[in-house]
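Engineer: Next up is a structure, given as structure tokens.
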């Protein structure tokens, strides 16, 4: 079997998994219950049986052969926040409204106003609507308002090519992998939070239990096994795209080829690797 | 507040969700503050030691003790703040050199060593004298402090002076580096609009000197009252001029920075304006009001050639106000910078904890420690010259060095040679 064949087979299995999970996650969303953890467990059972050929294992993973990148199509995002919950479940992020590895911003332009109203799932009103800090939803506050334009923008670590967070880390506990992911060595981090200050995107959060900084890893434990990041996996509308830029047929390569993309805060010189389609000038 | 975080910061506008967990607490406010006091105190001692400004002689050695007492506690707030303080040495053993913070342990360590060495040379003659006259446990301490060198012959003292001068020379760029580094730590963070400024290291350094001079004034006056001796007029005048000069440059730099910021009016300037008028208005009032008042007082003192008691009173007030104003400045920078959201579309409010390991009580405790250490240090090694009120009249003609043996200490070595003339056999104590 050639590499190409393996790739095609993997994509097919990815698609079937995603279709299944899409149905599953829409179902859970409508049920209104926080079952991300359950859905992920269910997913693993499914992938075990449906996966052919098996995804590559870590021993064979060569980080010199990959260059990961992430795409966000904001025109597709429906603000269901499955990604946020899946991320928290997958990565054991603190179950409160102040620690997120990924989040979704809502931009609403009302008629006759120049500036958008911006909020995020952690907004107290949204928390009140969801009823707890363990599940997230956007409230219906614009029900009676005249909305001119509105859209959602998912945010996550940009895994910058020139990461300011890595630059300022005094111990080198946070580092950039060869395949372009910025990670943190929790056993080496001293918890000074200089990186939290240095990140222009506010994606770093502090783990009060371990006394170390945490952030999105693009689910490095998954992508090195050939799986997708949890947030991409559960997105019901394919607003999140992930893949290997070294592979010209990967979803991200196609995304970058077929769209005019932009990055957040390019003026910082960080050269982010999360590419956006359909965002507004007010998004920062 | 539900969840694991009990001190989430409230906000207005839009802020990134993780920003509600404010990263750097009030501990990081006093860290640059204490560092600044060190730099300021050291600069005063250098004005005498290196530049030979005789009016600073009364406080020159005291300034060194002040600097080292505070320097010991510079790393403490940092250690309290770390999530894993037991790993602090990771930054020393495997420093990541692109990080300004990686240099901290080296800069601070170097500076502490330098201060200790300089103090040793400055006080060596005293230590030798005390080791011979003191008995008991304290005597052992003094004998250990001599490090086995009890030669106080003129030749030996000349060598001391040479070394001490060299150390003081190195100390000036080191003090500048230490505090310039702190300014760089903030100024280089491009993600924070309120910090990211090329002027930040300069402002930090100069305001540090001003606060350190303020501290020295307050402590010198307090010690003089405690010792019931007269405060040296010339010294006070010198300190007034020093503070005035540095303060003027600080105010101009800070003013220019704000002016440039508002004149450029880059995106988000409205939020900066709201920060200044809202969240940190009180801090800004103390910082600017205090600084300008002190500048006015000092100008008046210099212009009217004020002397005596009123000079001491006004200088004490100036010193205290300056210390508070610079503390407010540190708050405005460290906390203000974090209260201004990285989105530039919202503002957070930081409420310091009272209890807890990053609370105000801990801060108060950490800030008290240097004063206690300083008091102990002055008990161990008196930095004062023996005669208070009469001393100015009997001052030696050209007191170029602080470590020129003060009369009380210089007498014993002059007398003992009668018994042991041979300078090559100094180990004559029995």
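Read the figures in this text as sums done on the coordinates, not as results from a lab. Predicted model, so just to flag it, every value in this text is computed and none were measured. For neighbour counting, all protein chains shown are included, and Cβ atoms are generated from backbone atoms with ideal geometry for every residue, glycine included.
Engineer: Sorted from fewest to most neighbouring beta carbons within 10 Å, what does the list B:15, A:166 look like?
Structural biologist: Working: B:15 25, A:166 21.
Starting with the residue having the fewest Cβ neighbours, the order is A:166, B:15.
Engineer: Which angle from 0 to 90°, rounded to the nearest 10, does the C-alpha axis of helix B:200-227 make with the longest principal axis of chain B?
Structural biologist: 50 degrees
Engineer: Treat the count of other C-beta atoms within 10 Å as a stand-in for reagent exposure and order A:155, B:132, B:228 from fewest to most.
Structural biologist: Working: A:155 23, B:132 19, B:228 8.
Ordered by Cβ neighbours within 10 Å, fewest first: B:228, B:132, A:155.
Engineer: If you don't mind, there's one more thing I want to ask. Which of rounded, prolate or oblate describes region B:288-372 when judged by the alpha-carbon gyration tensor and an a/c cut-off of 1.5? Mind dumping the intermediate values first?
Structural biologist: Details: a/c = 4.98, a/b = 1.69, b/c = 2.95.
Since a/c reaches 1.5 but b/c is at least a/b, the shape of region B:288-372 is classed as oblate.
Engineer: Report the percentage of all Cα-Cα pairs in region A:219-262 whose separation exceeds 14 Å, rounded to a whole percent.
Structural biologist: On the way: 498 of 946 pairs.
Result for the distance tail: 53 percent.
Engineer: Follow-up. Is the C-alpha gyration tensor of region A:142-258 telling us rounded, prolate or oblate? Criteria: a/c under 1.5 is rounded; beyond that, a/b larger than b/c is prolate, otherwise oblate.
Structural biologist: Values: a/c = 2.07, a/b = 1.29, b/c = 1.60.
Here region A:142-258 falls in the oblate category.
Engineer: Let me ask something else about it. Taking the Cα atoms only, what angle lies between the long axis of helix B:57-71 and the longest principal axis of chain B, rounded to 10 degrees?
Structural biologist: 50 degrees
Engineer: Another one. Kindly express, to the nearest 10 degrees and within the range 0 to 90, the angle between helix B:104-133's C-alpha long axis and the longest C-alpha principal axis of chain B.
Structural biologist: Computed tilt is about 30 degrees.
Engineer: Shifting gears a bit: If one computes P(r) from the Cα atoms of region B:233-376, what percent of pairs lie at distances over 25 Å?
Structural biologist: Details: 4548 of 10296 pairs.
When every Cα pair of region B:233-376 is considered, 44 percent fall beyond 25 Å.
Engineer: Where does each of B:244, B:375 land when they are ranked from fewest to most other beta-carbon atoms within 10 angstrom? Could the numbers behind the result be given before it?
Structural biologist: Numbers: B:244 19, B:375 15.
Ordered from fewest to most neighbouring Cβ atoms within 10 Å, B:244, B:375 come out as B:375, B:244.
Engineer: Can you grab the distance from the C-alpha centre of region B:203-259 to the C-alpha centre of region B:302-361, Å, no decimals?
Structural biologist: 15 Å
Engineer: May I have the extent of the alpha carbons of region B:262-326 along their three principal axes, as whole Å values ordered from largest to smallest?
Structural biologist: 52, 21, 12
Engineer: Continuing with the same structure: Output needed for chain B: three equivalent-ellipsoid semi-axes, defined as square roots of 5 times the C-alpha gyration tensor eigenvalues, in descending order, whole Å. Before the final figure, lay out the partial values.
Structural biologist: Details: eigenvalues 376, 125, 64 Å².
Equivalent-ellipsoid dimensions as semi-axes: 43, 25, 18 Å.
Engineer: Ignore the peptide's own chain and count Cβ atoms of other chains within 10 Å of each Cβ in A:194-206; give me the average, rounded.
Structural biologist: Numbers: counts 8, 2, 8, 12, 6, 5, 6, 5, 10, 3, 3, 7, 6.
Mean partner shielding for this stretch: 6.
Engineer: Right, something else. What value, in deg cm²/dmol to 500, does the helix sum -39500 (n - 2.57) over DSSP H runs of n ≥ 4 give at 222 nm once divided by the residues of chain B?
Structural biologist: Values: 15 runs with 268 residues, N = 430.
My calculation for chain B gives -21000 deg cm²/dmol from helical runs alone.
Engineer: Provide a whole-number value for the mean count of partner chain Cβ atoms within 10 Å of the Cβ atoms in peptide A:167-178.
Structural biologist: Working: counts 6, 10, 6, 16, 13, 9, 6, 1, 1, 0, 0, 0.
Whole-number average of other-chain Cβ neighbours for A:167-178 is 6.
Engineer: Same structure again: Could you state the number of Å between the C-alpha centres of region A:234-284 and region A:141-192?
Structural biologist: 14 Å
Engineer: Region A:202-231 to region B:83-109: how many Å between their Cα centroids?
Structural biologist: 25 Å
Engineer: Also, quick follow-up: Can you tell me which of B:356-363, A:217-224 comes out highest on packing, and rank the rest after it, using the mean Cβ neighbours within 10 Å?
Structural biologist: Details: B:356-363: 16.6, A:217-224: 20.2.
Most protected by this proxy first, the peptides run A:217-224, B:356-363.
Engineer: Packing-wise, with mean Cβ within 10 Å as the measure, how do B:235-241, B:43-49, B:253-259 rank, highest first? Please list the in-between numbers first.
Structural biologist: Working: B:235-241: 21.7, B:43-49: 26.3, B:253-259: 14.4.
With the highest mean Cβ count within 10 Å placed first, the list reads B:43-49, B:235-241, B:253-259.
Engineer: Across the residues of B:73-80, average count of Cβ atoms on other protein chains within 10 Å? Don't skip to the answer; put the middle values down first.
Structural biologist: On the way: counts 0, 0, 0, 0, 0, 2, 1, 0.
Average per residue, whole number: 0.
Engineer: Something else now. With viscosity set to 0.890 mPa s at 25 °C, what whole-number translational diffusion coefficient in µm²/s follows for region B:174-316 from Stokes-Einstein and a Kirkwood radius over Cα pairs? Let's see the in-between values first.
Structural biologist: Numbers: Rh = 16.9 Å.
For these conditions, the coefficient is 145 µm²/s.
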